Amino acid sequence: MIRGLITLIFSLSLPRAVPNIKAMKRWLLAILLVCVAAGVAWYFASRGKLQSAANAELPTDSNSTLATPSNPKPRTPGPGQPQTAAPPAQSNRAAAARATAPSEPAKPLPYILGSADAPPTHIEPQTVLENMRRAVVNYGSTFSGNPVGTNPEITAALNGENPKQIKFIDPEAGLRINGNGELVDSWGTPFFFHQLSGTDTEIRSAGPDKIMWTPDDLVIK
């Protein structure tokens, strides 16, 4: 009996439940479509905001900052602005001519003692060399030793730069000092001093060819 009642109740309620299930399905489908449409709308709205923010960070004229002309044209000054005049071509040619022109040789310094234009023609070159040796010997006798060093150093010592400030060089003996402070021979070539010992010095003149260590050299000890 109870089983029969349950069957009766189920049979009476089934026709009503079927329409309710169908209605619920329709509502669920509508809600699902609304959610999908809202999601799509939200996606495109967010994408549009991101694109606007990215465009706002770019400069107004992107071509002016990103693209650099390989061969920019010179700017033309506007009205009222001074124009820079190009240097004349003639001045450029003059500068180039000065750069290519050979430079003049430096003029020799004037002689400290004697003159380059007035060699001792009245005294033989060998006599001048002997007078040079006499000056060195006199220095050695005074200071117990000959002067040593380069030609300018020996010249300075013989010309007063010594403890007693004695000048051993006599212009009347044909001895001359050039602008570089060097004692020179009759042809204007500096003497070569070779210290052999404390009291013995070899003095060499280059001779008329003005070249050292050639057959015409004059040598004295």
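Looking at this structure, is D217 closer than 18 Å to N146 by Cβ and of a type outside the set (A, V, I, L, M)? Against the criterion (closer than 18 Å to N146 by Cβ and of a type outside the set (A, V, I, L, M)), D217 does not qualify.
In segment 171-198, the qualifying residues are those that are in a loop (DSSP other than H, G, I, E, B) and either surrounded by fewer than 13 Cβ atoms within 10 Å (Cβ to Cβ) or outside the structural domain of G149 (by TED's automatic domain parsing) (or both), and the one that is modelled with the highest pLDDT is G179. Taken over segment 209-221, the criterion of being touching a residue at least 40 places away in the same chain (Cβ under 8 Å) and in a loop (DSSP other than H, G, I, E, B) is satisfied by K221 alone.
Results for (1) modelled with pLDDT under 95; (2) part of a helix (DSSP H, G or I); (3) not assigned by TED's automatic domain parsing to the domain that holds F193, shown as yes or no for each residue.
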| residue | (1), (2), (3) |
| --- | --- |
| Q81 | yes, no, yes |
| A96 | yes, yes, yes |
| P110 | yes, no, yes |
| E130 | no, yes, no |
| A135 | no, yes, no |
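Taking L32 as the residue in question, decide whether it is surrounded by 10 or more Cβ atoms within 10 Å (Cβ to Cβ) and at pLDDT below 70. Taking the combined requirement at face value, the residue does not satisfy it.
The values are calculated or read from the model by the stated rules, or taken from the named source; none is laboratory data. Values in this document were obtained by computation on a predicted structure and should not be read as measured data. We place every Cβ from the backbone using ideal geometry, glycine too, and count neighbours over all the protein chains shown.
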